[in-house]
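Colleague: Next up is a structure, given as structure tokens.
The values are calculated or read from the model by the stated rules, or taken from the named source; none is laboratory data. Predicted model, so just to flag it, every value in this text is computed and none were measured. Every residue, glycine among them, receives a Cβ derived from its backbone with ideal geometry; neighbour counts consider all protein chains shown. Accessible surface is based on the protein model in full, side chains and every heavy atom, while ligands, DNA and RNA are left aside. Shrake-Rupley method; radii C 1.70, N 1.55, O 1.52, S 1.80 Å.
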Amino acid sequence: MCSSDLEQYSALDLAGRLGGMYPVTVYISDSSDTFNYKVMVGPLGQDESGAVMYSFRSSGYPDAFLRKGL
């Protein structure tokens, strides 16, 4: 299994687990022989966004971030 397969599995697995709790979208971009997967969750309310970020970061996704206004 190459790293892009692992990334795909990880992104799709994460999206599947979150799909029952939040609206989830998976973006796939291919650039120069590699695939990048971006899992977007939301929209989130102001009160739940902090709890979701804490949960993601403590679950092994330290590069998770909030994007407002989309």
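Colleague: Would you say Ser10 is more than 15 Å from Ala64 (Cβ to Cβ), polar (S, T, N, Q) and open to solvent by less than 70 Å² (accessible area, probe 1.4 Å)? Give the steps one after another, and end with the answer.
Modeller: Values: more than 15 Å from Ala64 (Cβ to Cβ): no; polar (S, T, N, Q): yes; open to solvent by less than 70 Å² (accessible area, probe 1.4 Å): yes.
Considered against the rule, which asks whether it is more than 15 Å from Ala64 (Cβ to Cβ), polar (S, T, N, Q) and open to solvent by less than 70 Å² (accessible area, probe 1.4 Å), Ser10 comes out as no.
Colleague: For region 15-70: of the residues being of a type in the set (D, E, K, R) and surrounded by 10 or more Cβ atoms within 10 Å (Cβ to Cβ), which is nearest to the chain's Cα centre (by Cα)? Please lay out each step first, then the result.
Modeller: Here is the first cut: in region 15-70, the residues of a type in the set (D, E, K, R) are 17, 30, 33, 38, 47-48, 57, 63, 67-68.
Of the ones still in play, those that are also surrounded by 10 or more Cβ atoms within 10 Å (Cβ to Cβ) are 17, 38, 48, 57.
Details: Arg17: 11, Lys38: 6, Glu48: 16, Arg57: 11 Å.
This residue is Lys38.
Colleague: In region 15-40, which residues are polar (S, T, N, Q), farther than 18 Å from Tyr61 by Cβ and part of a strand (DSSP E or B)?
Modeller: The answer is Ser29, Ser31, Thr34.
Colleague: Suppose we filter region 36-63 for residues that are in contact with a helix residue (DSSP H, G or I) (Cβ under 7 Å, 6 or more places away or on another chain) and closer than 19 Å to Leu12 by Cα; how many remain?
Modeller: Pass one, region 36-63, residues in contact with a helix residue (DSSP H, G or I) (Cβ under 7 Å, 6 or more places away or on another chain): 37, 39, 41, 44.
From what is left, the residues that are closer than 19 Å to Leu12 by Cα are 37, 39, 41.
Of the residues in region 36-63, 3 are in contact with a helix residue (DSSP H, G or I) (Cβ under 7 Å, 6 or more places away or on another chain) and closer than 19 Å to Leu12 by Cα.
Colleague: Sticking with this one: Limited to region 41-60, what total is found for residues that are among the hydroxyl-bearing types (Ser, Thr, Tyr), under 17 Å from Arg17 (Cβ atoms) and part of a helix (DSSP H, G or I)?
Modeller: First pass over region 41-60, keeping only residues among the hydroxyl-bearing types (Ser, Thr, Tyr): 49, 54-55, 58-59.
Filter again for under 17 Å from Arg17 (Cβ atoms), leaving 54-55, 58-59.
Right, trim to part of a helix (DSSP H, G or I) and you get 54-55, 58.
Number satisfying all stated conditions: 3.
This table checks each residue for (1) modelled with pLDDT of 80 or more; (2) of a type outside the set (D, E, K, R).
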site: Glu7; (1), (2): no, no
site: Val41; (1), (2): yes, yes
site: Glu48; (1), (2): yes, no
site: Ser59; (1), (2): yes, yes
site: Asp63; (1), (2): yes, no
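Colleague: Search region 8-30 for residues that are at positive phi and pair each with any residue that is open to solvent by 50 Å² or more (accessible area, probe 1.4 Å) and not polar (S, T, N, Q) when their beta-carbon atoms are under 6 Å apart and the residues are at least 6 apart or on different chains.
Modeller: Here the result reads none, with nothing in region 8-30 linked to a residue that is open to solvent by 50 Å² or more (accessible area, probe 1.4 Å) and not polar (S, T, N, Q).
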